[in-house]
Amino acid sequence: GAVVDLALDTGATPLFFACHSGHIECARLLSSYGARRTATIDGVDSTVERVSKRMGHAELAAWLVSSRGWTPLHHLEELSPARARTLLRDGADPHAQPTPTPAQRASAVGGEVSELVLRAARPWGRDSHELYPDAARARAVELLRLGQQLSIQPRFTGEEQAVVDVWITHVMPHVVRRA
C-alpha cells in the first residue's frame, strides 16, 4: 500500500535507490507495481538504467532494458496467484505489448501464476470465466441466459442440451471479450 513513486526532496524514488544499490529483487518488485523509471534527481533528468550502469550493476541494468514498457502482468516472477488473479479481473491484458507479452512469458516461465495468465489468455470458456473482468463476466451471464432461453424453444425440443453445449462451446468464446 505504500506510494511506489514517493520521492525525496532531491527527486530520488525507492526504485532509484534500489538501482543505485544494485538490489535487483527490490527493483523488480517496485517495477511490478508500476514504479516510474525516470526522475529528475537534483535538477538532472535521469533513468534507473543509467543509474544501474553507472554504479556497475550490469545484471540489473540488463533486466531494466529487457523489461522496458512492461505492464504489472508481465512481472510473473513477482506476482502471487492472488495478485495475478486481481490484475486479470481488473482488466490486465495477457496479450499486452511489448513482446514478449505476459502470455508469451508465461509459456516460458511456468508456475501457478503462469498457468493463470495462460488460462486468461484463452478465449472465454468455463475454465477462464473467473479470470475475466466484471463487465465481461456479466456479459457472459447474460449471454448464457439467452442461450438457455433459446434452447427451450419448441423447435429444439429433445435437443435442449445440445443447443446449450453448442452455444457455450462455439458462440460464447467469440462474443465474450476481456475488454
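The values are calculated or read from the model by the stated rules, or taken from the named source; none is laboratory data. Everything quoted here is computed from the prediction, not taken from an experiment. Neighbour counts are summed over all protein chains in view; Cβ atoms, including those assigned to glycine, are modelled from backbone coordinates with ideal geometry. Remember, those area values only see protein heavy atoms, side chains included, never the ligands or the DNA or RNA. Shrake-Rupley method; radii C 1.70, N 1.55, O 1.52, S 1.80 Å.
Residues that are open to solvent by less than 50 Å² (accessible area, probe 1.4 Å) and part of a loop (DSSP other than H, G, I, E, B) were ranked within the stretch 58-89; the one that is nearest to E115 (Cα to Cα) is L79. Give me the pairs, please: first residue somewhere in the stretch 82-103 and at negative phi and among the charged types (D, E, K, R), second residue anywhere and part of a loop (DSSP other than H, G, I, E, B) and buried (at least 16 other Cβ atoms within 10 Å of the Cβ), beta-carbon distance under 7 Å, and either six or more positions apart or on two chains. Taking only residues 6 or more apart or on different chains, the pairs are R89/P133; D90/P133; D93/R178.
Checking each residue in the stretch 45-57 for being out of contact with any strand residue (DSSP E or B) (no Cβ under 9 Å at 6 or more places or on another chain), open to solvent by less than 60 Å² (accessible area, probe 1.4 Å) and assigned to a helix (DSSP H, G or I) picks out E49, S52. Return the residues of the stretch 130-156 that are in a helix (DSSP H, G or I) and surrounded by 15 or more Cβ atoms within 10 Å (Cβ to Cβ); say none if nothing qualifies. Matches in the stretch 130-156: L131, A136, R137, R139, A140, L143, L144, G147, L150, S151. The residues of the stretch 90-129 that are crowded, with 19+ Cβ neighbours inside 10 Å, in contact with a Pro (Cβ under 8 Å, 6 or more places away or on another chain), outside any helix (DSSP H, G or I) and not aromatic (F, W, Y), listed by number, are A92, P94, T101.
Within the stretch 3-44, the set of residues being among the polar types (S, T, N, Q), surrounded by fewer than 18 Cβ atoms within 10 Å (Cβ to Cβ) and in contact (Cβ under 8 Å) with a residue 24 or more places away in the chain comprises T10, S21, T40. Can you confirm whether the stretch 152-163 contains a residue that is of a type in the set (A, V, I, L, M, F, W, C), free of Cβ contacts under 8 Å to residues at least 24 places away in the same chain and touching a Leu at 6+ places or on another chain (Cβ under 9 Å)? So far as the stretch 152-163 goes, yes, one or more of its residues are of a type in the set (A, V, I, L, M, F, W, C), free of Cβ contacts under 8 Å to residues at least 24 places away in the same chain and touching a Leu at 6+ places or on another chain (Cβ under 9 Å).
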